[in-house]
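*Asks:* Next up is a structure, given as structure tokens.
The values are calculated or read from the model by the stated rules, or taken from the named source; none is laboratory data. In this text the structure is predicted, and so the values were computed from the model without any measurement. Note: ideal-geometry Cβ built from the backbone for every residue, glycine included; neighbour counts use all protein chains shown.
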Amino acid sequence: MATILVPLDTSESADTVLAQAKKLALRVQGRLELFHVIEPVATYVPVGASMDVIATTPPEIAIEDVDAARKRLESLAAGLAGAPVEISCKAVVGMAVDEILEEAKSLSADYIVLGSHGHGALYHLFSGSVATGVLKHSPCPVLIVPVRRS
């Protein structure tokens, strides 16, 4: 049975990505691993006149976010009830590209299905793209689902 890792951002676009992942799972008799990464929020902490520090959100705060994200994934999975597809859900805290690649390796994923919001070149220059990072270093084939903004 093929393992399909489906990183989702839990936005409205998740339905579009999930629909494509379901089609692939049905074709290859695969199972879906719905996966969400909560990236820590960097905060600016002034330390002194010549030295500043960037701090991340304390893990205690992120635990509630992880539970909420996992529940959202489970809600999305419930929408596929009746489909002959095995589904599991997982949410973690970390850097999106790194966590997705690590999860793909640990699952020995056969495919990764993720959405691309199609931000412009300037956006990617400053913030990068999760889709691009995953494509460059993925241990398996990656299906990019274009997600249209309204």
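*Asks:* Given the conditions (1) in a helix (DSSP H, G or I); (2) at pLDDT 80 or above, and given that Tyr123 satisfies all but one, which numbered condition is not satisfied?
*Replies:* (2)
*Asks:* Within segment 14-21, can one find any residue that is over 16 Å from Ala109 (Cβ atoms) and modelled with pLDDT under 80?
*Replies:* Looking through segment 14-21, none of the residues is over 16 Å from Ala109 (Cβ atoms) and modelled with pLDDT under 80.
*Asks:* Further, regarding this structure: Please verify whether Leu80 is closer than 15 Å to Val6 by Cβ, at pLDDT below 90 and of a type in the set (A, V, I, L, M, F, W, C), treating the condition exactly as stated.
*Replies:* Numbers: closer than 15 Å to Val6 by Cβ: yes; at pLDDT below 90: yes; of a type in the set (A, V, I, L, M, F, W, C): yes.
Yes; evaluated as a whole, the condition is true for this residue.
*Asks:* Consider segment 63-101. How many of its residues are buried (at least 17 other Cβ atoms within 10 Å of the Cβ), touching a strand residue (DSSP E or B) at 6+ places or on another chain (Cβ under 8 Å) and not in a strand (DSSP E or B)?
*Replies:* Residues that pass the stated criteria total 12.
*Asks:* Taking the residues in segment 22-51 that are of a type in the set (A, V, I, L, M, F, W, C), part of a strand (DSSP E or B) and over 14 Å from Cys89 (Cβ atoms) as candidates, determine which candidate is modelled with the lowest pLDDT. Spell out the reasoning first.
*Replies:* Keep residues of segment 22-51 that are of a type in the set (A, V, I, L, M, F, W, C), which gives 24-26, 28, 32, 34-35, 37-38, 41-42, 45, 47, 49, 51.
Checking the rest, the ones that are also part of a strand (DSSP E or B) come to 32, 34-35, 37-38, 42, 45.
Right, trim to over 14 Å from Cys89 (Cβ atoms) and you get 42, 45.
Values: Ala42: 62, Val45: 59.
That would be Val45.
*Asks:* Can you run down the residue pairs with Cβ atoms below 7 Å, 6 or more apart or on separate chains, where the first is in segment 90-113 and in contact (Cβ under 8 Å) with a residue 24 or more places away in the chain and the partner is surrounded by fewer than 17 Cβ atoms within 10 Å (Cβ to Cβ) and of a type in the set (Gly, Ala, Ser)?
*Replies:* Pairs that qualify, where the first residue is in contact (Cβ under 8 Å) with a residue 24 or more places away in the chain and the partner is surrounded by fewer than 17 Cβ atoms within 10 Å (Cβ to Cβ) and of a type in the set (Gly, Ala, Ser), are Val97/Gly133; Asp110/Ala2; Tyr111/Ala2.
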